[in-house]
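Here the structure is laid out as structure tokens; the discussion comes afterwards.
Read-outs throughout are calculated quantities, based only on the coordinates presented, and are distinct from any laboratory measurement. Note that the structure is predicted; figures quoted are calculated from it, not measured. Counting neighbours? That spans all protein chains shown, and the Cβs are built from the backbone with ideal geometry, glycine included.
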Amino acid sequence: MDSGQNLTISVHESLESLERLRPEWDALLDEYPYSTIFSTYEWLVPWWRAYGGEDRLLVLAFRDASSALVGLAPMALTTQKSFPFRLRVLRLMGDGSHDSDNLDLPVKPGFEDKFVESLLRFLESERNFWQAGELNTMPAQSPSGNALRRLFARERWVTIQKQSPASAIALPATWEEYLGQLSSEDQKNLLRYARRLDKRYTVQIYRCHAESQLDRCLEALFEHHQARWEAAGQSGSFGSPERRRFYNELSRSLLAQNRLDLWVLELDGTIAAAQFGFRFGRQFFQLQEGNDPAHAADRVGFLLRGHVMKQLVADGVRTYDFLGGELGYKTRWNAQSSVYTDIRFARPCSFGAVYLKCVQKANQSKSSLRRHLPKAAWNALHKVNLLIRRTGGQDQTPRAGSRPEKTDIPG
């Protein structure tokens, strides 16, 4: 154990150790006002089993003088190759696969400053094991994230910060209120297309509620999602066996807790649309979807989303979170924009600080080139850069939050 100012830190480096921590972890999230599914054991442990690979697990538990858990930093140590550097990077557990958003450092209210001060002292004491850190897709209102930014500035650590787009809908108390927020055309279309579908098919819409339904519903999601992206010449999210394994384990865990919102729309007994999400408190998070391209004209994704929203409102859910990505078509559902914050950091006068300064300079040069070069020249440079990266000049680990294949299906 490492002692901080009134806080002690225990390091958990195995899933077995996290299993023992689980009851206290759950209790801490009950007290943390910004808790989401992405900070839970149910999300992070299946994610680690699917994607952890050779990375080192490093979950830090912070305790007060009475040994009560008051803060948690679920982290991992990985190696990134970014030409010409090879870097040991600390990042949040759950980051790096394009699956997680809202990654955070949950802390009991009132302990934010002690928590981040203890975390920084720990990082100082372990400076031989890491060179740079990344805290990606943190919610803008995160108390820990905001306290860390202030502390980094005070201690003169080198940081790079940027924001990425997200969006969500504030759901009202009644379906009629919500409908009133949509355009008159979309209000009519929800009725028009539903009636048309009923005339042509035997229609069933339901939420997966039993494990016996799970494999069929997930397979439909995978198949329809892949069909869309493969038709566009891309690999698709579910071409990855790791992702399929993650979704299978995660779904079973969430289903057992009645948190899984895997909805499907059937036409004549065949699944034509599937939407994958989950609940946490009065929040709903919409993660992935897949619609049969053969039924694009039937607007099956549009109708399924409308049905799900109506049920969520009836169940008292108050936030429909689209997670990361541009607003785009989501504005038709009255989604409002928000942001995630990415923080990259390193100790002053360290190799990691040199690396971050190089990255910052390169980004500034890139922005300047983009502003001043003709579009054709910029596109040519971009293609050369992609070629270099694909042939080994740059092998960067992908980050969560930059997930182009997530929920970009208009509907």
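Which order do the peptides 197-205, 285-293 take when ranked by the mean count of other beta-carbon atoms within 10 Å per residue, highest first?
Going from most to least packed, we get 285-293, 197-205.
Please give the contour-minus-distance gain from T174 to Q213: 0.36 nm per residue of separation, less the Cα-Cα distance, rounded to one decimal in nm.
Taking 0.36 nm per residue and subtracting the Cα distance, the gain is 11.0 nm.
Between R282 and D64, what FRET efficiency comes out of the Förster formula 1/(1 + (r/R0)^6) with R0 = 30 Å and r the beta carbon distance, rounded to 0.05?
In this case the efficiency is close to 0.55.
Taking R0 as 30 Å, what's the FRET efficiency between Q181 and Q141 from their Cβ-Cβ distance, rounded to 0.05?
The pair Q181/Q141 has a calculated efficiency of 0.80.
Hey, with R₀ at 41 Å, roughly what FRET efficiency would R332 and R156 work out to, going by the Cβ-Cβ distance, to 0.05?
It comes to 0.35.
Stick to Cα atoms and the Kirkwood definition of Rh, then tell me Rg/Rh for the chain.
Looking at the chain, the ratio lands at 0.98.
State the extension gain, in nm to one decimal, for the chain segment bounded by N248 and V11, taking 0.36 nm per residue of separation less the distance between their alpha-carbons.
The N248-V11 span can extend by a further 82.4 nm.
By how many degrees, between 0 and 90 and to the nearest 10, does the Cα long axis of helix 143-154 differ from the longest principal axis of the chain?
Roughly 30 degrees between the two axes.
I need the per residue convex hull volume for region 195-300, using only the alpha carbons, in cubic angstrom as a whole number. Could you put the intermediate results ahead of the total?
Numbers: hull volume 10.9 nm³, N = 106.
Hull volume over Cα atoms, normalised by residue count, gives 103 Å³.
Need one number: nm distance between label points at V354 and Y206, each 7 Å from Cα along Cα→Cβ, rounded to one decimal.
Using points 7 Å along Cα→Cβ, the separation is 6.3 nm.
I want to check the label-to-label distance for R192 and N128. Put each point 7 Å from Cα in the C-beta direction and report it in nm to one decimal.
For the pair R192/N128, the computed spacing is 7.1 nm.
Show me 212-222, 65-75, 129-139 ranked by packing, highest mean number of other Cβ atoms within 10 Å first.
129-139, 65-75, 212-222
Between K81 and K310, 0.36 nm times their residue separation minus their Cα-Cα distance comes to what?
That pair, K81 and K310, stretches by 77.8 nm at full extension.
How many lysine pairs in the chain, separated by 8 or more positions in sequence or lying on different chains, have Cα atoms less than 19 Å apart?
Qualifying lysine pairs in the chain: 14.
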